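Below is one structure, written out as structure tokens, with a few remarks after it.
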Amino acid sequence: MIALKTVCRWIDGVNEQIGRMVAWVSLGLVLVIFIDVTMRYIFNTSFVFTQELEWHLFAFIFLIGAGYTLLHDGHVRVDIFYQRLGFKGRAWVNLFGVLLFLIPGCTMVMTTSWKFMLNSFSILEGSPDPGGIPLRFIVKGFIPAGFFLLLLQGISMGIHSLLQILGIENEERKES
């Protein structure tokens, strides 16, 4: 059980640090959007590079930050029944959700996006638009990386849920 708690602590720590870094990238995205809007409405001009940078940063934030969001239980849920369940009932739902949906879903996306990403890296894919970002292949690398981080956090969530079901960990996860 100590080994499981150590694994969880490590995964949670990795996604916590990555989430803090992603927060700074979010600030960068706000600045890029501000510059784009200012250029468009005040100076009546716009750049393809700026617009593409917006969606590259957006993709990075959501893909790489997904594990952090799961760590802090920030994903949207349809929790008609989940709210009404007790502590162990929610742990069972989380455990089954991780085993039946999150792990297979992340594995499928990582498997199917891997070849897509490798092809993009092999040709150093860039923007097809004049003035666009020449490094489009990098954003495609965020797909398997982001789902890997989400998978790791799902594994941690599953372990936490198992420890909660067994009565080894309390609801606040302060024991780990």
Taking trypsin sites (Lys or Arg not before Pro) as candidate sites, keep only those in a DSSP loop with at most 16 other Cβ atoms within 10 Å, then name the longest stretch of the chain containing none of them. 78-172
Phi-derived 3J(HN,Hα) across segment 94-104 with the Karplus relation (6.51, -1.76, 1.60, θ = phi - 60°), rounded Hz, x for Gly and Pro, is 4, 4, 5, x, 5, 5, 8, 10, 5, 5, x
Which residue, T69, T45, T107, tops the fluctuation ranking in a GNM of the chain built on C-alpha contacts under 10 Å? T45
According to a simple spin-label model (label point 7 Å from Cα along Cα-to-Cβ), what is the distance in nm between F58 and V30? 1.8 nm
In the chain, carbon and sulfur make up what percent of the accessible area (probe 1.4 Å)? 71 percent
Which chymotrypsin sites (Phe, Trp or Tyr not before Pro) from segment 42-105 combine a DSSP loop assignment with at most 15 other Cβ atoms within 10 Å? F43, F47, F81
Could you work out Rg/(2.2 N^0.38 Å) for the chain, with Rg from alpha carbons only? 1.26
Under the 7 Å Cα-to-Cβ spin-label approximation, L99 and S127 lie apart by a distance in nanometres of 4.7 nm
How large is the accessible surface per residue of segment 23-172, computed with a 1.4 Å probe and reported in Å² as a whole number? 60 Å²
Under a 5 Å amide H to amide H cut-off, with H placed in plane at 1.01 Å, what residues pair with L135 once short-range neighbours are removed? S127
Tell me the relative contact order for segment 1-154 as a rounded percent, counting alpha carbon contacts under 8 Å between residues six or more apart. 32 percent
Between T38 and Q83, what length comes free when the chain is fully extended (0.36 nm per residue of separation minus the Cα-Cα distance, one decimal in nm)? 11.8 nm
Step through the residues of segment 105-114 one at a time and calculate ³J(HN,Hα) from phi using the Karplus curve (6.51 cos²θ - 1.76 cosθ + 1.60, θ = phi - 60°), rounding each to whole Hz and writing x for Gly and Pro. x, 5, 4, 4, 5, 5, 5, 6, 8, 4
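The values are calculated or read from the model by the stated rules, or taken from the named source; none is laboratory data. Remember, predicted model here, so these are calculated numbers, not experimental data. No Cβ is skipped: glycine too gets one built from the backbone with ideal geometry, and neighbour counts run over all protein chains shown. To get the accessible areas, we keep the full protein, side chains included, count just its heavy atoms, and leave off ligands, DNA and RNA. Shrake-Rupley method; radii C 1.70, N 1.55, O 1.52, S 1.80 Å.
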